[in-house]
Structures are given as structure tokens and as C-alpha cells.
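**Q** A single structure is presented below for examination.
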Amino acid sequence: MPVNPHKKQLPVVIALLVLVGLMGILLTMNYRVQIELQERIRQRIQDEVTTSGERLNFIVQRFLAETAQLAESPEVDAFFKNRALGMSMKYGLSASLNIVSNLFAHRAANPGFEGTGTLPEKSIYTAFFLLDENLQALTAWPAENAAPLPPAVIDELDARRSLLSQDNRLYLVNPIVNERNTVGFVVAVIPYSVLYRYLQPGLEENQTTYLIRHENRIVFPAVAPEQQRELLELEERLGRAPDRGAFPLEKGLPLAGLLQRRFSDDVVFFQTTLPKFSLTIYQAEDAASLYDRRQPLLLLVVMLLFSTSLILFSLRLVRSSSRNQALSENLAELQLRETALSDKNRELELIISGAALGTWLWDAPSGRIVINDQWARMLGYEPSDIDLHLDSWIRMVHPQDWEQVKTRLDAHLAGETPIYSADHRLRHKSGKWIWVRDIGQVFSRAADGRPLLVRGIHMDITEIKEALEQAEAFRREADSVITNFLDSLLVVDQELRVSRANKETCQLLGYRSEQLLDLPVSELFVEPADEINRIFNFPREDKTCDLEELRNIELTFRTRAGGELLPVSVNLVRLRDEKGATIGVVAGARDVSKLNQALQRTEEQKRVIEKILNVVPGGLLVVGQDCLVLQQNQTFQQLLQDWCRQYGFMDRDLQREILRALADALVQGLSGEFSLAGERSELSLEYHASGDILEDAGFNRVIFLHDVTSRRKAESIRKLHSTVLEQTSEGVLITDTDGMILFTNLAAQKLSGYSGDEMQGKKTSLFKSGVQNSAFYSNLWHRIQAGMVWKGSITNRSRSGDLFEIEATISPVRAHKDGRISHYVSLWRDVSQERALQQQLLQAQKLEAVGQLAAGVAHEINTPIQYIQNNLSFLQGAFADIDKLILEVQRCGGSSQDNVSVTPCVALPEMVDHSELEFLREEIPQGIREALDGVDHVAKIVSAMKEFSHPGKNDHVISDLNRIIQNAVLVTRNEWKYTADLVTDLAPDLPLFCCDPGGWSQVLLNLIVNSSDAIKERGAQPWGLIRIATRSLDKQIELTVTDNGAGIPQEVLSHIFEPFFTTKMVGKGTGQGLAIVYDIVVNKHHGTIHCDSRVGDGTTMRLCVPAAMTEESGS
């Protein structure tokens, strides 16, 4: 039976068509790869230009920094300061300028960029200039052959401009500022060729493809004068270019004179801008190499033409075979055709290799299979690692795929199919399976039809298969969901009738499936039919025709049996056919009756919870990822406002700062504290976060925030108080109301000699020394139990038995809510040494007063001594006269007694003057009395001085205050008798009281002397008056000292009892008088002092001391 020639050529035609199709795919891919490669080249060039701009920005900043260092250098500053002081150029400024010039030379020789490895080794700076404020050059480097600054640079020079360009050079300008005034400029000159060597290290200037534009001028490279027109035209065109990225240059501008490299007419510039310095860098590239799409496209067209020619040739070959059957018998010509086809196959193999397809050639008689490199690498092998045979290939095919592969391969080898094609799996070298699309065709058969040579390709379709398998899984899952859909599901056609309903819908509405089919959908709902039809017809409604779905539509089903109403939530989805045309809608409905009830209950519970959360005394936050606030209570909002107002935060910033601090704190733990610094004070917050991360609920954590600033401050204050109590130099004891010691600090332990444990739980009687009697302690306890503060001196006994005196202040503490006293706090101050020093100071004050009163006392003693002397002289003369008379009487009387005849005493009557004798009888007794009175007066003065100046023992004894006053008046008489009269009004019934007599003498002395000085300060008129009065009050003795002196100003009155405070002239007062008075009266005798004074009217000092003090109680 003759073979149809068309059938013989049909497989060849099909194989050619497949190869042409594959070739087209590969050519298209190659075209896209070429275009993408050009885009990457352009991006790489742009990145290089950007990097060059960053390098240039860095180096210019460093150059400016060096220039600023020169402008701020001590040498430059010293020159301008000397110039401002008027130093002449001859005597000082010239040397200073030489120093500056040397500084420039040193900087030029040693630029501050050593070790960067980026700068060329050639010199950087070509010149330095120092200009004054009038832009006149003061000095320059190099000093010799230094070209002056171009006039164009001087015209543009300004303190606000840091860069200037002129003559292919960059001028760095830095102003010199002295006291906020610009006094000069430092200008550094750098050739742009140095910057270029930094942009492209290793390239010379004549190899550049770069342009540098400063402001609106091309400053690099330098151009010849005859090329200025081309330069201006280039500047104009660059000024119209975009600000960034690559852009083509307009045609017609020759660049050969500007750039050393030759370009075609089409040039692309890549640019980057340094806005800070107004510098732009351009790199020129041939547009032909970057945007030439013609070559790939030309290759694509050539290959398409070749493929078309091949197809036409194949068709012609088929027609020729049908017309001339003899052609098939011409074996020689067939071999030639096979040879040509083999050559074409080799060409195709090259193309396929470039497309990363695996090819195979199977010699059917021998079973040997020849593969290309890509086929081997597709399976993880190197070409030299594998020698493929039909048997080894069969072992590589997955067992589950072999049957269908064998069936299809056998069918094609038998001529039943024009081409062999199968998708199957092959074992990879690593052991995994990859999917390949295996396409092949018999290229040569024997005369009996047996295949001799079979060619084919492998394409890796693993990713496609995995995607298809995933899609199939999704489809099966969707079918399962639809089949097992638990909610109501309806399919409604374009006539708005039910075309399909699932089982759940039938059960819910009480219909059988066939009863629902073709039923108008509006009959299933309570709502009006028009509304239902409008909703289900949404794909054709004007307002909703563009939507693919409607969701969460609240409708109500009406059941068939009983007409029960069921609220449902309906979702509608447009249903399309294979062509995408709308054929209906799919409606999913869910019974929400229980959900509505649950939502209503939930809403009610939510309102209750919100009310509860809003009264929580702290902020509650519900946060999501990254501490994003999802919900917060009202208290937190109020707290934010309060915190902003109280601590000085900004309203818009505080919540963000809290959340940022919370995110950091939660890393450390679920509970803790953190602080934020406000403008007024620091805010401390305590937080507590939920332990579980509730991602399923849509949020991460629930966090409670509480302001603990006051608590932290209180704790800090408590710690401070505790530290102060422990470290204070005064002793502190805290007892209960029974005197039981609860706390002692280190100072109290040091004073008493007892440790804290030894005193803990003991009564305060532990320190009793026996110096104070029981009445003293009864008075103390009576006062503090009444809620008053007790102050005074106590002599205690230490653990070693030694006595120590303290100034104690005992205060009641009311810690109970009802105000009852709960504790007592006693402050001890060791005054043992202070008492000794005070005693010495008091005695020194007394001796000082004695020294001051010495002249007056001497005068007071001199008067009675004078008339004692006069009376003694009178008695001496009188005694001489009487002695003569007595001798004469003895002589007369003695002669008669001895019976001796003598001369009669005729002279005796002449010797006796009866008037003189009578005078002596009257005056001698009076003279004796006056002398005795004088002696008594001197004795009183001496006694008073002795009592006043004696140091005593600082003991309290029963004393008469009136007597102490009289002694003080007597001792100080010479101080006041020349300026004032001193009047005493002493109460005769004044009781004795327990005091330190020496101390009170000092008190009265200081008060009387102060009054006398105040009267002297006022002036001689009127005559001064000092009045001292005593009286007995209820349980008190009052002493007043009044004068009509100058008075004390009100601004001074509050300071008069301060030590060393005085208003007297230097040398007149020490400022200790009234301080000693205050210490003796108030501290030692528990009295009070009140001063009433008016300027010009005088002063009254009123002293009150307890009158109930006996000798025992006073001690």
C-alpha cells in the first residue's frame, strides 16, 4: 500500500514548528535580558557618579575644615589682635605676618589628610592668602612669585560664601571673626585637577570623562579660548537639564574639545549634585552603548525572518513531496537535506543552550543518549559525571511516571503521534525529584520505519508543577468547603430565582431541595420584594455594578413551617462563567439570632466593664504589636492631661514616650517601673502587664499604669530622713509615751557610750546622773505630756560613769489619727565644751568690763580716799598739839609727885586755848567718822568689784536680785554719772530666786553700759535717765531697764541678740554683750527677754525669769 507523502512530512513540519516556537521564546527572552543588562549598566554608572560625589563632598568639607583651623589659629588671631591694638607693621605686625606665612607653608606641606589612602601624593594647595576686611592682601604663600587673587574672585568674595571658582581653581574662603566682627579672610586655592584625581584615582586629567559645574559655570576641565563658544552652549544646555539622574544631551554639540574621549552624536550625562556647595558632577557616556535597542531587536527580526523562511521552506518541501514522489527516492539528495538539517540543529542547539534548556539526542539502535551541559546541570551533575544510556535514563525516571512516559514514547516511535511530550519526574543527584517537560521527535527512521535518531529537549517545570499542585489543593479545599458549608448557601441566577441551595439552607427554612429550586429569592425573606431584588441584582445596579461582592447585609429569613423569622447576615458574591460574564450571585447566610443576643449581652457587659475600668485609679491600655494602643480607659486620658500639666510634658509627645518606655521595660519583665523626665520634674510610673500574649484576640497585652511619683518621692524623703537621723552630729532618741527607747542614732550612742542594742527597750532613766532632782523631771514630763516642746540643759551620766552636759529639745509626736501623742523625739547637743568656753568667755567679758570700768572705779575710790587722807592729816596736826599739852601736863604733875622743887606750871594756862580745844573736841570725832565712812565706801566698792569679777563655779544659788542690781549700779557709776541719772525702783517684797549671781551681774553690767552708750549717742540734751525696776509677778520675777537714749532701728532690732552683731564703732563694741545676756537669761535660767525700742524715744529691756525656782530645783 503506497504511503501518503503528506503523512511522511507532517511530523517534520510539526517538529519544525515546535522548534521555531521555542526559538521565538528564546529570542524574546534574550531581547529582554539585553535590555535589562543595559539598564543595569546605566544604574552602575549612576552609582559610580554618586559615590564620586560623596567623595568630593567629603574632601571639600575637610579642606574647609583645614581653612577654618587656619582662620581660628592662635597665630592669625594674634595678628589681628595686635593690629587692633595699633601695633605698627614695622615693630610687630611684620613678624606676626611672617609667622602666619610660615603657618600657611606648614599647612601646604602637611595637609591634614595623612593616612586616608585616598588622596594622590601630589601637592594639594597651590596658594594661601590672608586678606583684611577691605579685601586687601596682607600676606600670601608662596611668598615669592605668588600670583595675586583674580579680580573676579575679589568681586565675589563674601563672608557668607565659602567656595568660589575661577580659572580652573577652587577658592576656599573662611572669614576671620573677632568679637562678632569680620576682620579678615583666609583664602586657600586648590586646582580642580586635584579634586579630579580624588574622583578617579590613577587617571590623568587628559583621560577624563567628567565635567564639574560650580553654580552655573563649567569649572573643569579647562578649555582652550577658541572653545569658549562651545563651553557657553554646553553650560546653557546643562542648565536646562533635570536636577538629578541621567539625561541625554541634545545632538549637534561636539565634545571632543571639552572631553578627551571621543563620543558619538548621542551622549548621555550622569550627574550628582552637592547642594551644600552648589557643585554638580557630570560623567559623559555614549548613548549608543547604553540605549541601543536596535541590535537585540535586529537579531530578533533576523531570527524571525529565518524562522519564517524555514516554515515556508518546509511547506514548500511538503508540496514538493506530494508533487514529486520520486524526490523521496533520491537518497543522495535526502542525505544532503539531512546534513543541512543537522547543521541547523547544531545552530538551534547553541540557541537552546543559551536559553538554559536541556537537549538530548537518542541513538535508538545503540540506546546511547547524548545530552548537553544544561541537561546534566539540571539534575545536579557536571557534564563529565554522567554517561547516559537508555537503561540509566529509565532508572532515573520516577516509577510512578514511567508507565505514562513509556506509553507516550512508544506511541510516537510507532508513528501514532507526531511528537513525543510528557511531564514526568527525574531523580536529582541529591536524591530529590524534579519535574521536567520532555519533548522529542524522531528525526530519522530506517526504511522499515524503525526510528534511528530521536531529538528532544528538557524544560525544568518543578516550580510550575508545585504551583499547579497548590492550586489543585486550593480547588479541592474550596469544593470541600462548599460541600460541607455549615451556613446557608444559595445560588441565584440572573432571573433572581434560586438555582441551587445547600443542605443547611433546606433544613433552616423547612424546604426540600427541589422545592427551593426556581423559587423567587424574594419569597424567602421578610423584607419587601423590591429591596430583596435590588440587593441580589447588585451586579447590574448602577451604584454597585463595579463591585464583586456585598458583605454583612442584615436580612430576615421566613421559614416555611410556622412563618418563624430568622435574622441572618448575608454575603453576596458575583458568579461568573468561564468567559467572565456575570451569570448570577452566590449568597451565604448565617443565622445571627443567637449572635445578636450574645452581642447584646456582650454590649451590656462591655458597658458595665467600661464603667468599672473608668473608675480604676490608673490607666488601662490594650496594646497590639509594637505597643500600639488599641483601647484605653477614660482615666488614662485624664491622667495624661494631669501629667502634662503637673510635670511639664507636651500633650502630643507624652503618650508616645510612655509607649516607647513600656516597650523597653516589658523586655525586662511584666511588672516594674520606669521614669520620664518632664520640664518641671520627673514622672515615675509603675506598670503591670498581662502574662499571656493574646494574639488570637487581636491584641498582645493588657497593661495597667499607675503614677508612683509621690510614693517614690516619699520613699526618697524617708531614706533621706533616715540617713540624716543616722548621720547628723546631734544625738537623736525616739521613745514611746512611757519613755521606752525605740531608736538612737550614732551621735547619741557616741555621747552616751552605749550601743544601740544596749539602749533598745530601756527607759531614759538609764542616763540619770543625780544632778537634777525629781522636781526637774516632773516639770519636764508635765510639759511634754501636755503637748508642748521642752528645751533645756540636762547633765547625764555615760556608760563609763562620766558626766556630760547636753542641750536637749524634746518634742511630742502625734501619729494617731485622733491626735494623741504616740512618741517623743529628743535631740541632744553636747554642750560640755561649749559650757566651758562660755564660762571662759563670760569671765573674759567680765574682765574686759572690769578693765573698761577700772578708771571709773579708781575715780570712785579716789574721792573717799581723798577725804580720808585730809581727815588723817587733820588728826595728825591735832594730835601734835595735844601731844605737847600732854607732855606739859605730865611734866607738871610729875615734879610734885617726886617731891622735887620745880618751877610752878605758870606756862600751862598760856598753852591752853580753850576755843581751840573745844574745836578739837568737836572735829576730831567727826573726822574719825568721815574717815571710817570713806573706808566703808571703799570697802563696798572693792566688795562689789570682787563679787562681779570672781569667776565662780557657774552654780545656781539662792540670791537677792536687788542686791545684785545695787552692786552693778555701784560698779558702773562712773559710766553713767556724767551723762544720766540712774534711778532704781526695787520691789522690797521681791522673793529670792535660784540663779547664777555672776551671770546676772554680767547681765546688768551689759544693760547699764548699753543704756549709757545709747544716751551718749543721742547727745547731751535732754539729760539722760536710766531706770531699773523689779517687781514680783505671778510665779515670775520681772526686771526692766529703761533709758531715754537714741533707740534701736526696726531693721536692726531682730539681730541684736546675734553673736558679734554690733552697731557701735570699731573698737567700741564686740557684739557679744546682748548675746551673753540672751544666753544667761533664756538658755540658763529659762527666762524671756523682750525689747521695746523706738528711734529717738529710748529702749526698754524686759527680762522675766521663773520665781518658783528653789536652790534644788534650780540646780
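**Q** Within region 953-987, track down each residue that is assigned to a strand (DSSP E or B) and exposed (fewer than 14 other Cβ atoms within 10 Å of the Cβ). I'd like the intermediate steps shown before the answer.
**A** Step one: of region 953-987, the residues assigned to a strand (DSSP E or B) are 957-959, 980-985.
Within region 953-987, Asp981, Val983, Thr984, Asp985 qualify.
**Q** So which residues in region 752-800 are surrounded by 14 or more Cβ atoms within 10 Å (Cβ to Cβ), more than 53 Å from the chain's Cα centre (by Cα), among the hydroxyl-bearing types (Ser, Thr, Tyr) and outside any loop (DSSP other than H, G, I, E, B)?
**A** Matches in region 752-800: Tyr777, Ser793, Thr795.
**Q** Run Ser488 past the list (1) touching a Leu at 6+ places or on another chain (Cβ under 6 Å); (2) under 23 Å from Leu361 (Cβ atoms); (3) at pLDDT below 90 and report the number of the one that doesn't hold.
**A** Going through (1) touching a Leu at 6+ places or on another chain (Cβ under 6 Å); (2) under 23 Å from Leu361 (Cβ atoms); (3) at pLDDT below 90 one by one, Ser488 breaks only (2).
**Q** Hey, another quick one. Working only within region 385-416, note down all residues that are within 23 Å of Val370 (Cβ to Cβ) and among the β-branched types (Val, Ile, Thr).
**A** Ile386, Ile394, Val397, Val405
**Q** Let me ask something else. Checking the conditions here, which among Glu531, Glu554, Glu523 is within 29 Å of Gln597 (Cα to Cα), acidic (Asp, Glu) and part of a strand (DSSP E or B)?
**A** Answer to the check: Glu554.
**Q** Taking region 627-646 only, how many residues are closer than 12 Å to Ile658 by Cα and not in a helix (DSSP H, G or I)?
**A** 2
**Q** Pairs under 6 Å by beta carbon, first residue in the same structural domain as Cys995 (by TED's automatic domain parsing) in region 1084-1103, partner of a type in the set (Lys, Arg), six or more apart or different chains?
**A** That search, which allows pairs on different chains as well, returns His1090/Arg1102.
**Q** Then there's this: Hey, Ile941 hits all of (1) aliphatic (A, V, I, L, M); (2) closer than 24 Å to Val1081 by Cβ; (3) modelled with pLDDT of 65 or more but one; which does it fall short on?
**A** (2)
**Q** Moving on to the next point. Given the condition modelled with pLDDT of 75 or more and under 30 Å from Met759 (Cβ atoms), answer yes or no: does some residue in region 691-706 qualify?
**A** Within region 691-706, the first condition is being modelled with pLDDT of 75 or more, and the residues that meet it are 701-706.
Applying the additional criterion that residues be under 30 Å from Met759 (Cβ atoms) yields none.
Looking through region 691-706, none of the residues is modelled with pLDDT of 75 or more and under 30 Å from Met759 (Cβ atoms).
**Q** Then there's this: So which residues in region 534-551 are hydrophobic (A, V, I, L, M, F, W, C), touching a residue at least 24 places away in the same chain (Cβ under 8 Å) and not in a loop (DSSP other than H, G, I, E, B)? Talk me through it step by step, then tell me what you get.
**A** First pass over region 534-551, keeping only residues hydrophobic (A, V, I, L, M, F, W, C): 535-536, 538, 545, 547, 550.
Next cut, touching a residue at least 24 places away in the same chain (Cβ under 8 Å) only: 535-536, 538, 547.
Correct list: Ile535, Phe536, Phe538.
**Q** Okay, next question. Of all residues in region 453-485 being at pLDDT 80 or above and of a type in the set (Asp, Glu), which is farthest from Leu524 (Cα to Cα)?
**A** So the residue we want is Asp460.
**Q** Can we say Leu135 is at pLDDT 75 or above, at positive phi and in a loop (DSSP other than H, G, I, E, B)?
**A** Numbers: at pLDDT 75 or above: yes; at positive phi: yes; in a loop (DSSP other than H, G, I, E, B): yes.
Here the answer is yes, as Leu135 does meet what is asked.
**Q** Could you list, in sequence order, all residues of region 416-464 that are assigned to a loop (DSSP other than H, G, I, E, B) and free of Cβ contacts under 8 Å to residues at least 40 places away in the same chain? I'd like the intermediate steps shown before the answer.
**A** Pass one, region 416-464, residues assigned to a loop (DSSP other than H, G, I, E, B): 416-419, 428-432, 446-450, 461.
Once the filter is applied, which keeps residues that are assigned to a loop (DSSP other than H, G, I, E, B) and free of Cβ contacts under 8 Å to residues at least 40 places away in the same chain, region 416-464 yields Glu416, Thr417, Gly431, Lys432, Ala446, Ala447, Asp448, Gly449, Ile461.
**Q** How about region 414-464: which of its residues are aliphatic (A, V, I, L, M), under 17 Å from Val18 (Cβ atoms), over 60 Å from the mean Cα position of the chain (by Cα) and not assigned by TED's automatic domain parsing to the domain that holds Gln404?
**A** To start, the set of residues in region 414-464 that are aliphatic (A, V, I, L, M) comprises 414, 419, 422, 426, 434, 436, 439, 442, 446-447, 452-454, 457, 459, 461, 464.
From what's left, under 17 Å from Val18 (Cβ atoms): 419, 422, 436, 439, 442, 453-454, 457, 459, 461.
Still in the running and over 60 Å from the mean Cα position of the chain (by Cα): 419, 422, 436, 439, 442, 453-454, 457, 459.
Leu453, Val454, Ile457, Met459 - these are the residues of region 414-464 that are aliphatic (A, V, I, L, M), under 17 Å from Val18 (Cβ atoms), over 60 Å from the mean Cα position of the chain (by Cα) and not assigned by TED's automatic domain parsing to the domain that holds Gln404.
**Q** Going by the conditions given, is Leu780 out of contact with any helix residue (DSSP H, G or I) (no Cβ under 9 Å at 6 or more places or on another chain) and among the aliphatic types (A, V, I, L, M)?
**A** Values: out of contact with any helix residue (DSSP H, G or I) (no Cβ under 9 Å at 6 or more places or on another chain): yes; among the aliphatic types (A, V, I, L, M): yes.
In short, yes.
The values are calculated or read from the model by the stated rules, or taken from the named source; none is laboratory data. Source: prediction; values computed, not measured. Don't worry about glycine lacking a Cβ; one is built from the backbone with ideal geometry, like all the others, and counts go over all protein chains shown.
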